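Each remark here refers to the structure printed beneath this line.
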Amino acid sequence: MSSESAQPREPEPESALETALHTARARILADLTARDVCDAAVVSLVEDAVAHRRWWVEQWPAGVDYLLGLVAQDVQDALLEAYGRWPLCPVHAAEGDPHALAVEPELGPDPHWVCGEAGVAVAPVGGLGAA
């Protein structure tokens, strides 16, 4: 037995896909927590969105740069069906009809939560706690 085989192996570096999936999960959970809507059922919605996008990026590896925005949109859509609009726009919070922020760009890197009515970027996805 050589001395090389007796040494412990270093863990394999995470793939770009795994890194992007973990980052998306963490940032979406941070936004949900910042807006106080993070419970077990909501975390399950996030996990479902991440699993779905894992498959999607495996089919289209160049889409890894778009993963964060797509997971955010998937969670937003799932929450709309189950609970209502999320995240609500803080720009118009004091005014009449509350509306949700949108993810922009819809398919691109560096997604932000944006008030579509005012055209204002509120926070990067994952940064609602600071907004």
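The listed residues Trp55, Trp60, once ranked by accessible area (1.4 Å probe) with the largest placed first, stand as Trp55, Trp60. Annotation: amide H of His112 within the under-5 Å range of Glu104, Val125, sequence separation 5 or more or interchain, hydrogens built in the peptide plane. Using the Cβ of Trp113 as centre and a radius below 15 Å, the other residues enclosed give a net charge of -4, where K and R count +1 and D and E count -1. Given +1 at the Cβ of Lys and Arg, -1 at the Cβ of Asp and Glu and no other charges, the dipole of the chain around its Cα centre is 140 debye to the nearest 20. Counting only protein heavy atoms and using a 1.4 Å probe, the accessible area of Thr19 comes to about 60 Å². Here's the picture: charge each Lys and Arg Cβ at +1 and each Asp and Glu Cβ at -1 in the chain, and of Ala130, His99, Ala118 the one pushed furthest to the positive end of that dipole is Ala130.
Under a model in which nothing but the beta-carbon of Lys, Arg (+1) and Asp, Glu (-1) is charged, region 35-92 shows a dipole of about 120 debye around its Cα centre.
Length gained on full extension, Ala118 to Thr23, computed as 0.36 nm times the residue gap minus the Cα-Cα distance: 31.4 nm. By the Kirkwood approach, averaging reciprocal distances over each pair of separate Cα atoms, the chain gets a hydrodynamic radius of 16.0 Å. Taking 0.36 nm per residue of separation and subtracting the Cα-Cα distance, full extension of the segment from Thr33 to Glu81 would add 15.4 nm.
Where only DSSP H runs of four or more residues are counted, the chain gives -14500 deg cm²/dmol as its mean residue ellipticity at 222 nm, each run worth -39500 (n - 2.57).
The values are calculated or read from the model by the stated rules, or taken from the named source; none is laboratory data. As the structure is a prediction and not an experimental result, all values here were calculated from the model. Every residue, glycine as well, gets a Cβ built from its backbone with ideal geometry; the counts of neighbours run over all protein chains shown. Surface areas here come from the heavy atoms of the whole protein model, side chains and all, with no ligands, DNA or RNA. Shrake-Rupley method; radii C 1.70, N 1.55, O 1.52, S 1.80 Å.
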